[in-house]
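To start, the structure under review is shown below, and the notes come after it.
FYI, it's all coordinate maths here, none of it is from the lab. These figures come from a predicted structure and were not determined experimentally. Here the Cβ is made from the backbone with ideal geometry for all residues, glycine too, and neighbour counts use every protein chain on show.
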Amino acid sequence: MRAYALVTYPFACVPFLYLFFAEHGLDAGDYGEILTAYYVTMFVAEVPTGVLADRFGPKRMLVLGPVILATGFAAMLVSPNYTGFLIGEILLGLGHSVLSGPPTAVLYETLKRHKQEHRYLAEESRIHACRLYGTGSAFLLGGMLVFFGNEDGTAYPIAILTTCLLHAIATLCALRLPSRKSTKVLGKSLQFLGHARTELKKPAVRWLLFYWLVLFMLLRFPFHNYQPYLKAAGKTEPLLANAIVIGFVFAVLNLVAAPLSSKVPQLVTRFGRRALFWSMPIVVGLSLLVMAGERHLTAIGDGSRLLCWLGVSMFFVQQVPFAMHWPILHEFVNHRIGSEARTTVLSVMSLGARATYALVNVLLFYLQEEHGLRMALLTAGVLGMTAAVIVMWARPRGLLRPTDQEAA
């Protein structure tokens, strides 16, 4: 599972996709639309793919996911226009849906068979760190390929092709995983969904869904704006327009997050779950306000190269909650739901976040097209922090105290 994690998301081309899209005529509104197609696809596909994983076993999904992702990137390369990009993002949404639950299910069920559930947080943290190391290394590789691939330092197609090849390695790793027989506990899809609905009636799981909606929006919007932000800041600080620097920035983001992810158990012990649940959305929201402030100062003529780097430093601030949220939230879910439909419930949790963000994303990028990057960042930060405070105050009392398994 750790080896698979290293090559699950080898997105060498991701730091440059927006630049590739812009090179072929897309503006911020178009960019928001194709991203929304990605999230709508995940909304539609989350539950069916989770059901299939529960019914037929997660290994097949772990094999299939990288194949679909590679096909999505290939579509963008073969047809570099709005339609090709739209089809590509739809396939990427489908591929991510396929992979959203099975890795967690494989890990937790393996530990459970050996009566080692208490190790889940530590093992999930290590595996998530491997994902971040793998993705970060791919980002750096992509920057080098783009910079040295042609005289202009804009060889984006090479990075896209490399991403497809790396996904093929992920498929080979997945084929090496042991198979698990179908549990056949619930049989039909409607029974799977019925069991998931029962689990979601639990106050703890229902509250986490709302918390996840807020945190997901706060984490995803700045990530999709890193490339537009670097392109805009590159007009003031030329280094931020250099492909190697862009790849390096994206790589370091993941390489910073990876050790943080592996340290989550120690952070939970040191600060407690309540403090971490409060801090994750608030830290991201404040960082968005700093980025909006930098863009505002630049717009009124008071910008500087130093302020550009201050804005970029907020990318790294955002990596702290990004690194922590996956193992913390999945530990919360795994210790509070039944084992028969764990993958399906995780998919339903993800479905809610994708559906909500699909709407938020297109609205924010339309706002960005009409009123600029600073207004979009300001709006996302203020609304996100407000929603986070409301959700945290509305949680059932005592919910974030550790369960017996978590305490162990």
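Taking all pairs of different Cα atoms in segment 245-309, averaging 1/r and flipping that mean, what Kirkwood radius in angstroms comes out?
14.4
Within segment 67-105, name every residue whose backbone N is under 13 Å away from a label modeled 7 Å from Cα of F223 along the Cβ vector.
Backbone N within reach: 93, 96-97, 100.
For S313 paired with S79, estimate the spin-label separation in nm (one decimal), with each label point 7 Å from Cα along the Cα-to-Cβ line.
4.5
As an exercise, use a Förster radius of 25 Å and the Cβ-Cβ distance of S279 and K231 to find the FRET efficiency, rounded to the nearest 0.05.
0.25
If you average the alpha carbon positions of segment 234-286 and of segment 1-39, how far apart do those two centres end up, in angstrom?
So the two Cα centres are separated by 19 Å.
With a point put 7 Å past each Cα toward its Cβ, work out how far R60 is from T386 in nm, to one decimal.
4.7
Taking only Cα atoms, what is the 0 to 90° angle, nearest 10, from helix 342-371's long axis to the longest principal axis of the chain?
20
So for segment 230-387, averaging the separation of alpha carbon pairs under 8 Å that are six or more residues apart and normalising by length, what relative contact order in percent results?
32
Among L145, L175, L69, which one moves the most in a GNM of the chain with springs linking Cα atoms closer than 10 Å?
In this elastic network of the chain, the residue with the biggest mean-square fluctuation among L145, L175, L69 is L175.
Quick one: Cα convex hull volume of the chain, Å³ per residue?
So the per-residue Cα hull volume is 125 Å³.
If the chain between M144 and E369 were fully stretched, how many nm would it gain, using 0.36 nm times the residue separation less the Cα-Cα distance? Walk me through the numbers before you get to the answer.
Details: separation 225, 0.36 × 225 = 81.00 nm, distance 3.04 nm.
Full extension from M144 to E369 adds 78.0 nm.
Relative to the first principal axis of the alpha-carbon coordinates of the chain, what is the inclination of helix 273-299, with its axis defined by its Cα atoms, in degrees from 0 to 90 and to the nearest 10?
10
So how far apart, in nm, are the two label points at V67 and W393 if each is 7 Å from Cα heading toward Cβ?
Output for this residue pair reads 5.1 nm.
Excluding residues fewer than 8 places away in the same chain, name every one of the aspartates and glutamates whose C-alpha is closer than 19 Å to that of K115.
E123, E124, E331, E340, D404, E406
Would you mind checking the tilt of helix 373-393 against the longest principal axis of the Cα atoms of the chain, expressed as 0 to 90 degrees and rounded to 10?
Approximately 20 degrees, to the nearest 10.
Return, ordered by residue number, the residues of segment 301-319 whose backbone nitrogen is under 20 Å from a label point located 7 Å along Cα→Cβ of L286.
307-319
When the chain is fully extended, how far beyond the present Cα-Cα distance does K263 get from L306, taking 0.36 nm per residue of separation?
Stretched out fully, the K263 to L306 stretch lengthens by 12.4 nm.
Please report the base-10 log of the normalised intensity I(q)/I(0) for segment 92-159, using a Debye sum with one equal scatterer per alpha carbon and no solvent, at each q in 0.18, 0.20, 0.23 (1/Å).
Reported log10 I(q)/I(0), two decimals: -0.80, -0.87, -0.97.
Looking at segment 18-125 from every direction and averaging, what is the projected area of its Cα convex hull in nm²?
7.9
So what is the relative contact order of segment 2-407, in percent, for Cα pairs below 8 Å that sit 6 or more residues apart?
29
Show me, for segment 103-115, the HN-Hα J-couplings you get by feeding each phi into the Karplus relation (A = 6.51, B = -1.76, C = 1.60, θ = phi - 60°), rounded to Hz, glycine and proline as x.
Along segment 103-115, the couplings run x, 5, 5, 4, 5, 5, 5, 5, 5, 5, 4, 9, 6 Hz.
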